[in-house]
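Right, one structure below, let's go through it.
Where a number appears in this text, it was derived from the coordinates with a stated rule and is not lab data. Note that the coordinates shown come from a computational prediction; the quantities given were computed from them, not determined experimentally. Please note: Cβ atoms are built from the backbone with ideal geometry, for glycine as well, and neighbour counts cover all protein chains shown.
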Amino acid sequence: MPIMWRSFMPNLPVNSVHIRIDGNDVAVRPGISVAAALLTEGYRSWRTTRGQQQPRGIFCGIGACFDCLVILNGQPNVRACMTTVEPGDEIATQEGTGHV
């Protein structure tokens, strides 16, 4: 975890949620959004646009835009800002439409 974020997340509670982000096991606070988990782990961009492969991450944070899309448990195009992490979630960064 980057040092700058340690002051915001000093100690995880005993009941932390264990998830995987791009294949890495991480523990996060329960009840946070997928976007918050990604930011906590140092991600600033977690998808690319369809056409020009431009990086995108959190923009509005309220579900109005579609910049924060991720692949969650194999389902592409999930808005990270609107989805709460659940134990065992598998989050993957998304390229383009997310469909293979």
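For the chain, the dipole from Cβ point charges (+1 on Lys and Arg, -1 on Asp and Glu) about the Cα centre works out to 260 debye, to the nearest 20. In terms of surrounding Cβ atoms within a 10 Å radius of their Cβ, C60, C68 rank from fewest to most as C60, C68.
Can you give the FRET efficiency for D25 and N77, using 1/(1 + (r/R0)^6), R0 = 30 Å, r = Cβ-Cβ distance, to the nearest 0.05? Walk me through the numbers before you get to the answer.
Values: r = 24 Å, r/R0 = 0.81.
Plugging the Cβ-Cβ distance into 1/(1 + (r/R0)^6) gives 0.80.
Distances between placed amide hydrogens fall under 5 Å for L69 paired with A80, all partners being 5 or more residues away or on another chain.
If you keep only loop residues by DSSP, which chymotrypsin sites (Phe, Trp or Tyr not before Pro) in region 30-100 have at most 15 other Cβ atoms within 10 Å of their Cβ? Don't skip to the end; give the middle numbers.
On the way: sites: Y43, W46, F59, F66; in loops: Y43, W46, F59, F66.
Taking region 30-100 and a limit of 15 other Cβ atoms within 10 Å, the loop chymotrypsin sites (Phe, Trp or Tyr not before Pro) found are F59, F66.
Karplus-based coupling profile of region 38-43, in residue order and whole Hz: 5, 4, 4, 8, x, 6, with θ = phi - 60° in 6.51 cos²θ - 1.76 cosθ + 1.60 and x standing for Gly or Pro. When only Cα pairs below 8 angstrom with a gap of at least 6 residues are kept, region 3-94 shows a relative contact order of 31 percent. Of the labelled figures (i) 3, 15, 22, 17, 13, 10, 8, 6, 4, 2, 1; (ii) 2, 12, 21, 25, 17, 10, 5, 4, 2, 1, 0, 0; (iii) 3, 14, 24, 25, 18, 10, 4, 1, 0, only one reflects P(r) over Cα pairs in 5 Å bins from 0, in percent as derived from the coordinates, namely (iii).
For W46, nonlocal amide neighbours, meaning residues 5 or more places apart or on other chains whose placed amide H falls under 5 Å from its own, are R56, G57. In the chain, the calculated helix contribution to ellipticity at 222 nm averages -2500 deg cm²/dmol per residue, counting -39,500 (n - 2.57) for every DSSP H run with n ≥ 4. When you count the other C-beta atoms within 10 angstrom of each residue and take the mean per peptide, 18-24, 75-81, 32-38 line up highest first as 32-38, 75-81, 18-24.
Could you give the length gained on full extension between H18 and I32, defined as 0.36 nm per residue of separation minus the Cα-Cα distance, in nm? Walk me through the numbers on the way to the answer.
Values: separation 14, 0.36 × 14 = 5.04 nm, distance 1.21 nm.
Length gained, H18 through I32: 3.8 nm.
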